[in-house]
Structure formats: structure tokens, C-alpha cells
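Only one structure is covered here, and it is reproduced in the block below.
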Amino acid sequence: MTLSEFSDWLTDIDPDASRYEQPQSGNCTIWREYQNAAVYADQVRTADVWKVQIERYTTDENDAIAAAIEQAIDESMFIAASHLVDSDPAEGTIRHVFDCEVLG
């Protein structure tokens, strides 16, 4: 999966998802790649892996987009991820962080 295909995959889930940039306010999904690595088997390069982080900021405890991202990752043959949830009580926001490895 290329980064362009990853972008298409994520914008199918959240059409407002953006790369790198966060809107000033409101619920939003942001993603950014942060590393590219090669996968080797028997000393032969077999694939590339992109490390990509998706952040979903929301005020909804049961956010449908965060749930849809998690489900789509679970169903994907090309993406593995860990999912962390934290919050900022002062702001009233919840942040879902999906730390992904995307097989290219």
C-alpha cells in the first residue's frame, strides 16, 4: 500500500482527514508518516513498511469515525496498528492514536 493509497483508504473513512495539518477546532483526523523501513526475508528485501500515525480528536466518547478506523485496520491485510486513547479534561477532548505499520 503506497502512501497515496493509504490516504485514499483513510479519506474513505473520514473525508475530512488531513495530512499533517489540524483544523483550529472541532473533531478531526490527522495523519503523518514518520518512518520508512525495508522488510527482509533470508537477506532479500521483500517489501517496504511505512510507519504512520493517525490521530483522531473528538469530543464524543463513542466516536463513530474512531470506531470505523479501528474496524478498517482490523480488516486490513496491509495495516497493523496499536491503539491508544487519552484525554484532556480541561479541553474536553479525547485523542485516539493509531500507530500503524503499513505494508508497501
Item to complete: Please specify each residue of segment 1-57 satisfying the condition of being of a type in the set (Gly, Ala, Ser) and either exposed (fewer than 13 other Cβ atoms within 10 Å of the Cβ) or not in a strand (DSSP E or B) (or both).
Response: SER4, SER7, ALA17, SER25, GLY26, ALA37, ALA38, ALA41, ALA47
Worksheet, complete the sentence: Per the filter on segment 58-72, residues in a helix (DSSP H, G or I) and either touching a Leu at 6+ places or on another chain (Cβ under 9 Å) or of a type in the set (D, E, K, R) (or both) are ILE69, GLU70, ALA72
Worksheet, complete the sentence: Within segment 46-76, residues being free of Cβ contacts under 8 Å to residues at least 24 places away in the same chain, under 24 Å from THR2 (Cβ atoms) and of a type in the set (A, V, I, L, M) number 0
Worksheet item: Counting only residues that are β-branched (Val, Ile, Thr) and within 15 Å of the chain's Cα centre (by Cα), which one in segment 17-53 is nearest to GLY92 (Cα to Cα)?
Response: THR29
Worksheet item: Are any residues in segment 67-89 closer than 18 Å to CYS28 by Cβ and either aliphatic (A, V, I, L, M) or modelled with pLDDT of 95 or more (or both), and if so, which ones?
Response: ALA67, ALA68, ILE69, GLU70, ALA72, HIS83, LEU84, VAL85, ASP86
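The values are calculated or read from the model by the stated rules, or taken from the named source; none is laboratory data. The structure presented is a predicted model; accordingly, all values stated were derived computationally and were not measured. FYI the Cβ positions are ideal-geometry reconstructions off the backbone, even for glycines, and counts take in every protein chain you see.
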